[in-house]
Amino acid sequence: MQHPDKTILSDIENINRIPAVAHILEIVCRTTGMGFSAVARVTSDKWIACAVLDEINFGLTVGGELKLETTICNEIRQHQQAVVIDHVDEDPNFKGHHTPLMYGFQSYISVPIILKNGDFFGTLCAIDPRPAKLKNPTITGMFTMFADLIAFHMDALDQVEIAEKELKKEQEIAILRDQFIAILGHDLRNPLNAISSSAQLLSRLNLDERGIRIAKIVKDSSFRMNGLIENMLDFASGRLGDGITVNRTHDDDLEKWLVQVIDELQTIWPSRDIKTDFDFTHPVNADGKRLAQLFSNLLANALNYSPADSTVEITAVSTEKEFNLCVANKGKQISEAAMERLFQPFSRGEVEPNQKGLGLGLYIASEIAKAHDGTLDVTSTPEQTCFTLRLPYKK
């Protein structure tokens, strides 16, 4: 007897991982009165028993192989139709057929097992040395249903195997993400802070015009790099399942946070006109630091995508029920296609050569809004683009 190859062994293992198969073979024998039933893997050159119930001492066990040319299953593989024989000696098509003569059976039924992708797997079959009444809709329907059930389970096992491989891959990627976050959070941030502090110190020295300009470039670049790192850290942690966390309080001086953001960005765009209209008559129930991050992304976006001689208008209003923040700027109207993906990660509209970034700012801003149970919306016309945060107070 030949030994099955690895692919066949895998098929045998999969069939025997299906608990229903043993019950199917038992039901087949009990219902038909036949003494041998099996699930066979049939290829272009092999017939291998994957599961067997043998009550007539036929002598075939799991992994056992028959010469393909000696089986009727070889014919079934070609035409993929069921073959049903009540009594070989009285059947005009199979009387004198070499297979019954070789294996000594009188009754036979075999139906093809077709996988979901259309591939022929093998057969569900039964034989017995005695005649049996098999040619009726009940028996043939039962066999067909069982063959479909086996095919369904085989497909499910394939899907599980694919899912397990994908899960393992995702786990490996998650480890790399953790390492990546650690590098961003420590190995890059520490030297970046040193660069930023050094630039601040240089700007206070008695430098010539060229030195002042270089110090400003270093300071502005370090500020921008820090913002990119913050956004990437939030994105990575969110993708790992932690999401963006917020610590809402009634005591945060939100106006102070917003003014601080404006001052920081004003140093980068000193010639830009930023107009504010704040009304903080009621305390804001929010995480001030996170809203400052959201506001920084919105304001930096407005300054980047608006004409240098235009005004960016900021409106912030707190009421008894909610807090609203609007950042409006002149500039090109955002296209409908860009609007649909504006708050998706790594999605950016048409940009000028000096408008570089990862496309994470608006995504992070929208996630911060969601973490506050709020919304971040955008409207854009040929005259103005406005991002509006609506933040209901958490009871």
Using DSSP to call loops (not H, G, I, E or B), can you name the chymotrypsin sites (Phe, Trp or Tyr not before Pro) in segment 19-97 whose Cβ has at most 15 other Cβ atoms within 10 angstrom? none
Zone reached by a paramagnetic label modelled 7 Å from Thr315 Cα along Cα→Cβ, restricted to segment 370-386 with backbone N below 16 Å, covers 377-381, 383-386
Hypothetical label at Arg130: residues of segment 90-118 whose amide nitrogen lies under 15 Å (7 Å Cα-Cβ projection): 105-108
Long-range amide H contacts for Gln106: which residues qualify at under 5 Å (H placed 1.01 Å from N, peptide plane, sequence gap of 5 or more or a different chain)? Asp128, Arg130
Extension reserve of the Thr70-Thr31 stretch, reckoned as 0.36 nm per residue once the Cα distance is removed: 11.4 nm
Longest principal axis of the chain (C-alpha) makes with the long axis of helix 361-371 (C-alpha) an angle, in degrees to the nearest 10, of 80 degrees
Length gained if Ile212 through Glu336 is fully extended, taking 0.36 nm per residue and subtracting the Cα-Cα distance, is 40.4 nm
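Counting only heavy atoms of protein chains, what accessible area per residue, in Å², does segment 53-113 have with a probe of 1.4 Å?
Accessible area per residue, segment 53-113: 51 Å².
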Loop-located chymotrypsin sites (Phe, Trp or Tyr not before Pro) in segment 272-326, at most 10 other Cβ atoms within 10 Å (DSSP): none
Tell me which lysines have Cα within less than 24 Å of Lys168's Cα, excluding those fewer than 8 residues away on the same chain? Lys6
For the chain, what does the relative contact order come out to in percent, with C-alpha contacts under 8 Å and a separation of six or more? 10 percent
Can you tell me the 0 to 90 degree angle between the C-alpha axis of helix 288-304 and the longest principal axis of the chain, rounded to 10? 80 degrees
Cross-link partners among lysines for Lys275, C-alpha distance below 26 Å, same-chain residues fewer than 8 apart left out? Lys216, Lys219, Lys256, Lys289, Lys321, Lys330, Lys332, Lys356
Accessible area of the chain with a 1.4 Å probe: how many percent of it is carbon plus sulfur? 53 percent
Can you pull out the GluC sites (Glu not before Pro) in segment 286-348 whose DSSP state is coil and whose Cβ has at most 13 other Cβ atoms within 10 Å? Glu320
Using a Gaussian network model of the chain with C-alpha springs under 10 Å, which one of Leu60, Leu303, Leu228 is most mobile by mean-square fluctuation? Leu60
To the nearest 10 degrees, the tilt of helix 20-32 (Cα long axis) against the first principal axis of the alpha carbons of the chain is 30 degrees
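Counting Lys and Arg as +1 and Asp and Glu as -1, each charge on the Cβ, what is the dipole of the chain about the Cα centre in debye, to the nearest 20?
Details: 40 positive and 54 negative charges, 125 e Å.
Its charge dipole is roughly 600 debye.
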Choice from Thr311, Thr267, Thr31 with maximal GNM fluctuation in the chain (Cα, 10 Å cutoff): Thr31
Most to least accessible of Ile127, Ile195 (protein chains only, probe 1.4 Å): Ile195, Ile127
Cβ-Cβ FRET estimate between Val378 and Phe152, R0 fixed at 45 Å, reported to 0.05: 0.45
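The values are calculated or read from the model by the stated rules, or taken from the named source; none is laboratory data. None of these values were measured; they are calculated from a predicted model. In this analysis, Cβ positions are derived from the backbone assuming ideal geometry, glycine residues included, and neighbour counts consider all displayed protein chains. The area values use the complete protein model at the heavy-atom level, side chains included, leaving out ligands, DNA and RNA. Shrake-Rupley method; radii C 1.70, N 1.55, O 1.52, S 1.80 Å.
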